[in-house]
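No value in this document is a laboratory result; all are computed from the given coordinates. All values reported here derive from a predicted model rather than from experimental measurement. Ideal geometry is used to build each Cβ from the backbone, glycine not excepted, and the neighbour counts take in all protein chains shown.
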Amino acid sequence: MLMGNIQVKHVPDALLRRIRRAAAEEGRTIRDFVLEAVRAKISRDEFFTRIAKRTPVVLDRPAADAVDEVRAERERERGR
């Protein structure tokens with residue numbers, strides 16, 4: 001697999017300290033921490049792009065009402 005290099009210049013000191021601290025807290029290298037952050041950001045963006053292309057679902061009632069109904073039924077089944 002081919003791999004490229006990226007160099008990021010002029011990272012503010014405060015941000016670099018936060019990145020170092022976060023990576024250390026997870027027991028990871030800065031490289032691995034940053035790569036995962038970039039992957040996660042791209043995945044989120046791609047997910048929201050796919051969602052935006054879908055046809056919205058129109059419900060006959062608010063979704064919260066359906067959730068409340070399912071929860072109430074589950075509680076009745078548990079005998080509460």
remark   = Over the chain, the sum of -39500 (n - 2.57) across DSSP H runs of at least four, divided by residue number and rounded to 500 deg cm²/dmol, gives at 222 nm -22000 deg cm²/dmol
key: Which of LYS41, LYS53 has the fewest Cβ neighbours within 10 Å, and the rest in rising order   = LYS53, LYS41
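Only counting other Cβ atoms within 10 Å, I'd like ARG78, ARG28, ARG44 sorted with the fewest neighbours first.
Values: ARG78 7, ARG28 14, ARG44 10.
Taking fewest neighbouring Cβ atoms as first place, the list is ARG78, ARG44, ARG28.
Plugging the Kirkwood radius over Cα pairs into Stokes-Einstein for segment 1-63, at a temperature of 4 °C and a viscosity of 1.567 mPa s, what D comes out in µm²/s?
Numbers: Rh = 15.1 Å.
The calculation lands on 86 µm²/s.
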key: 3J(HN,Hα) from dihedral phi, segment 13-21, Karplus parametrisation 6.51/-1.76/1.60, rounded to Hz, x for glycine, proline   = 3, 4, 5, 4, 4, 5, 5, 4, 5
request  = Could you let me know the centre-to-centre spacing of segment 2-39 and segment 47-80, using Cα atoms, in angstrom?
outcome  = 38
note = Taking Cα atoms only, helix 30-53 is inclined relative to the longest principal axis of the chain by an angle, in degrees rounded to 10, of 40
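Could you please rank PHE33, PHE48, placing first whichever residue has the fewest other Cβ atoms within 10 Å of its Cβ? Please report the intermediate quantities before stating the final value.
Numbers: PHE33 18, PHE48 10.
Ordered by Cβ neighbours within 10 Å, fewest first: PHE48, PHE33.
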